[in-house]
1. Taking region 146-156 on its own, how many of its residues are open to solvent by 40 Å² or more (accessible area, probe 1.4 Å) and part of a helix (DSSP H, G or I)?
2. Looking at region 14-33 only, could you name the residues that are open to solvent by 60 Å² or more (accessible area, probe 1.4 Å) and either modelled with pLDDT under 90 or of a type outside the set (V, I, T) (or both)?
3. Going by what's in this entry, would I166 be described as surrounded by fewer than 16 Cβ atoms within 10 Å (Cβ to Cβ) and either closer than 24 Å to L84 by Cα or at pLDDT 65 or above (or both)?
4. Take region 120-145 and flag every residue that is buried (at least 16 other Cβ atoms within 10 Å of the Cβ), in a helix (DSSP H, G or I) and modelled with pLDDT under 85.
5. Considering only residues of region 58-90 that are part of a loop (DSSP other than H, G, I, E, B), surrounded by 15 or more Cβ atoms within 10 Å (Cβ to Cβ) and not aromatic (F, W, Y), which is modelled with the highest pLDDT?
6. Just give me the residues in region 34-43 being at pLDDT below 90, outside any loop (DSSP other than H, G, I, E, B) and not aliphatic (A, V, I, L, M), in sequence order.
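The values are calculated or read from the model by the stated rules, or taken from the named source; none is laboratory data. All of these numbers come straight from a predicted model, not from anything done at the bench. FYI the Cβ positions are ideal-geometry reconstructions off the backbone, even for glycines, and counts take in every protein chain you see. Heads up: the accessible areas ignore ligands, DNA and RNA and are worked out on the full protein's heavy atoms, side chains in. Shrake-Rupley method; radii C 1.70, N 1.55, O 1.52, S 1.80 Å.
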Amino acid sequence: MAEAILKRIAAGDRDAATDCLDRYGGLVWSIARRMLRDQNDAEDAVQEIFIDVWKNAGRFDEQQASETTFIAMVARRRIIDRILRVSRRVAADSFEDVLIEPESRDDRVIQMSVEAGQVADVMRSLKPEQQKVLQLSIVQGLSHQEIADLTGMPLGTVKTHARRGILQAREALGLTGKEVKV
């Protein structure tokens, strides 16, 4: 088996950076475009992500996650940091604009924040095994097989915990009977 690209980057292999861009450029670009509305922001984010990947290549541990998962996690974290940084900036609104109840300016961010809090509460109400499986799946992007390998749970048990956890979360959030992407 060939040495991981991230291990090669950490060792100073100059060709590894090009290999990394070739192999993971599409993945990082798709994550950036999905999470960021503006194409220019997405392009800037992709550059920041690869710089971050190269700086942190030495932290990659193939026992913890696949190279793809590691890069996807770095990408998500960098984009979330970018979104939070932008949302914290003080807008240059006029005094009148500040006094008017916003209709759409930050409603989406506020709504996402409220929903995230609700989801966190629901996650804490699930069984520990369900929490672990969903956290590894949703937050870290691991497949059911990767979760089974990491936790030592049988694959069927991982799938059961994931399915039941999602169903319980949907019910607790009042999403039963509605079309929801999971």
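1. 6
2. Filtering region 14-33 down to residues open to solvent by 60 Å² or more (accessible area, probe 1.4 Å) leaves 14-15, 18, 21-23, 29, 33.
Hits for region 14-33 are R14, D15, L21, D22, R23, W29, R33.
3. Numbers: surrounded by fewer than 16 Cβ atoms within 10 Å (Cβ to Cβ): no; either closer than 24 Å to L84 by Cα or at pLDDT 65 or above (or both): yes.
Judged against the criteria, I166 is not a match.
4. So the first thing to find is which residues in region 120-145 are buried (at least 16 other Cβ atoms within 10 Å of the Cβ), and the list is 122-123, 126, 129-130, 132-134, 136-137, 140-142, 144.
Next cut, in a helix (DSSP H, G or I) only: 122-123, 129-130, 132-134, 136-137, 144.
Of everything in region 120-145, those that are buried (at least 16 other Cβ atoms within 10 Å of the Cβ), in a helix (DSSP H, G or I) and modelled with pLDDT under 85 turn out to be V122, M123, L134, L136, S137.
5. That would be S66.
6. Filtering region 34-43 down to residues at pLDDT below 90 leaves 34-42.
Okay, now just the ones that are also outside any loop (DSSP other than H, G, I, E, B), so 34-35, 39-42.
If the condition is that a residue be at pLDDT below 90, outside any loop (DSSP other than H, G, I, E, B) and not aliphatic (A, V, I, L, M), then R34, Q39, N40, D41 are the ones that fit.
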